[in-house]
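Reviewing the structure listed below.
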Amino acid sequence: MYRAVAEQMLSFISASPTAFHAVKIISDRLDEAGFLPLLESSHWNLEHGGSYYVTRNGSSIIAFRIGLDLEDYSFMIAASHSDSPMFKLKEKAEMDVRNNYTRLDTEGYGGMICPSWLDRPLSIAGRVLLETATGVETRLVNVDRDLLLIPNLAIHMDRAVNEGHTYNKQADMLPLFAGEAGETDGIKSVVAETLQVDLEKILDMELFVYNRTQPTIWGAYEEFVSSPRLDDLQCAYATLEGFLQGKNENTVSVYACFDNEEVGSGTKQGAASTFLADVLGRVNAALGKSQEDYFRAAASGFMLSCDNAHAVHPNFTGKTDDINCAYMNKGIVIKSNANQKYTSDGASIAIFKKICERARVPVQYFSNRSDMAGGSTLGNLAMAHTPMNTIDIGLPQLAMHSAYETAGVKDTLYLIRAAEEFYGSQIRETGAGRYEIL
């Protein structure tokens, strides 16, 4: 069972080389489950018992299922992110090297581990804006073949490479594209051929370099999974499956997957935007509820902020806290931080622990070493617009922000089961500091 779920998760990741593709795959899955697509620019007619989704920028998505009995309802939300660190092509990409090579001009998106991108098969994917008879059309593109590579420098030319090397993204990390003097529209020609469109119809392209190394399940007992983009598509996949399986008629169940977490979420489609608040407010209004009802639904609501967590590294055990640390295949990680980088607090931890007990899912705890700064995630940013009880959780992994990351084969199923139980529940505040989990 664990392996089958892990294989399905890896298939989802393989089909999602960019955030645009991840949201398209999620949308297709929702279509299959009977969800109806909405446009933010259109009027929303919503019904009790209905299921809907809306995208923003084609790279963020919010889906929601409306219960049948919303006399005293709550929002139950799980949020993840669709983006991963990678390299983005600049507007003019082809760079000639002595009339013998063509490399591509790129810039880093997010905080990647640069050497993990070297000597791997790479390609490009993203979205293309095409001219049509009536305006502009967006098409997704994935050049599904080994197209690029960023070659290492031979050790004979850098004898100190194993003693430490600083990578310059403009000088060291540009991918090799062709073995001859490049055409000005070389990349555009490849994209046009892939999409089978006329070159002159391409108005603009938003393209990323992605790692084509195939995911794998490995280990003495096949207990590990390795893949590009585990952070955070593993959580995006698991919470989606739990969302589709869990149901409560007294809640509005919400699945959110935001873009741009890796660069701070400060975009119109990021977790720090009004996207979530806009959707929740429109749902409340479309159902004929008052602003008072909205405030009550948010106050009694709960959000799972789902972003992968650091597992103890077998070669660097001293990099994590001695006891507040996580291991792969040992369950969902509850993340805490005294300086509020994570949203978890006593109340949200206690409530989530009860939900995991019901789901028979193990939990573990992570806090950064007190002498090391950690990363941030999306929960505290989203809650600035829509405050409610929130907990930061994740699945344990190694090599976060590498081009090829590693996690446990069991943990995806753990999160699916916890998310299913979460969406099947309702949380009510019955008094100051008192909560009922229905």
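Here is how the numbers come out for the structure above:
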item: Residue match in segment 254-261 (condition: out of contact with any Ser or Thr (no Cβ under 8 Å at 6 or more places or on another chain), small (G, A, S) and under 25 Å from S80 (Cβ atoms)); result: no
item: Hey, V279 modelled with pLDDT of 95 or more, touching a strand residue (DSSP E or B) at 6+ places or on another chain (Cβ under 9 Å), in a helix (DSSP H, G or I) and not acidic (D, E) or not; result: yes
item: For E292: the one exception among (1) under 25 Å from S42 (Cα atoms); (2) in a helix (DSSP H, G or I); (3) under 25 Å from the mean Cα position of the chain (by Cα); result: (3)
item: Options D72, D28: the member that is exposed (fewer than 15 other Cβ atoms within 10 Å of the Cβ), modelled with pLDDT under 95 and not aliphatic (A, V, I, L, M); result: D72
item: Hey, T430 β-branched (V, I, T) and at pLDDT 95 or above or not; result: no
item: Long-range neighbours under 7 Å by Cβ, at least six apart or interchain, first residue acidic (D, E) within segment 257-286, second open to solvent by 10 Å² or more (accessible area, probe 1.4 Å) and assigned to a helix (DSSP H, G or I); result: D259/A19
item: Some residue of segment 119-138 being among the hydrophobic types (A, V, I, L, M, F, W, C), surrounded by 14 or more Cβ atoms within 10 Å (Cβ to Cβ) and touching a His at 6+ places or on another chain (Cβ under 6 Å); result: no
item: Subset of segment 85-118 [surrounded by 15 or more Cβ atoms within 10 Å (Cβ to Cβ), on the phi < 0 side of the Ramachandran plot and of a type in the set (G, A, S)]; result: A93, G108, S116
item: Pairs where the first residue, in segment 182-204, is open to solvent by 30 Å² or more (accessible area, probe 1.4 Å) and the second is among the small types (G, A, S), C-beta under 6 Å, 6+ apart; result: L199/A192
item: Boolean, S82 is closer than 26 Å to K247 by Cα and either β-branched (V, I, T) or open to solvent by less than 10 Å² (accessible area, probe 1.4 Å) (or both); result: yes
item: In segment 212-235, the residues that are touching a Ser or Thr at 6+ places or on another chain (Cβ under 7 Å), open to solvent by 10 Å² or more (accessible area, probe 1.4 Å) and of a type in the set (S, T, N, Q); result: T216
item: Selection within segment 345-361 - in a helix (DSSP H, G or I), of a type outside the set (A, V, I, L, M, F, W, C) and out of contact with any Asp or Glu (no Cβ under 6 Å at 6 or more places or on another chain); result: G346, S348, K353, K354, E357
item: Leading residue by the ranking (farthest from G281 (Cα to Cα)) among those in segment 417-438 that are open to solvent by less than 10 Å² (accessible area, probe 1.4 Å) and within 21 Å of the chain's Cα centre (by Cα); result: A418
item: Single residue of R212, R229 found to be under 24 Å from S84 (Cα atoms) and in contact with a Lys or Arg (Cβ under 9 Å, 6 or more places away or on another chain); result: R212
item: One residue from A277, A238, A271 being in contact with a His (Cβ under 8 Å, 6 or more places away or on another chain) and open to solvent by less than 10 Å² (accessible area, probe 1.4 Å); result: A271
item: Qualifying positions in segment 27-48 - touching a residue at least 24 places away in the same chain (Cβ under 8 Å) and either out of contact with any Phe, Trp or Tyr (no Cβ under 8 Å at 6 or more places or on another chain) or farther than 22 Å from E137 by Cα (or both); result: R29, L30, A33, F35, E40, W44, N45, L46, H48
item: Residue within segment 334-342 that is under 22 Å from A271 (Cα atoms), touching an Asp or Glu at 6+ places or on another chain (Cβ under 8 Å), assigned to a strand (DSSP E or B) and open to solvent by less than 40 Å² (accessible area, probe 1.4 Å) present; result: yes
item: Residues located in segment 380-404, provided they are out of contact with any Asp or Glu (no Cβ under 6 Å at 6 or more places or on another chain), open to solvent by less than 40 Å² (accessible area, probe 1.4 Å) and among the small types (G, A, S); result: A382, S402, A403
item: Residue count for segment 153-178, restricted to those that are assigned to a loop (DSSP other than H, G, I, E, B), closer than 26 Å to M95 by Cα and open to solvent by 70 Å² or more (accessible area, probe 1.4 Å); result: 6
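The values are calculated or read from the model by the stated rules, or taken from the named source; none is laboratory data. The shown structure was predicted, so the numbers you read here are calculated from the model rather than taken from an experiment. Cβ atoms come from the backbone with ideal geometry, glycine included; neighbour counts cover every protein chain shown. Side chains included, ligands, DNA and RNA excluded: accessible areas come from the protein's heavy atoms. Shrake-Rupley method; radii C 1.70, N 1.55, O 1.52, S 1.80 Å.
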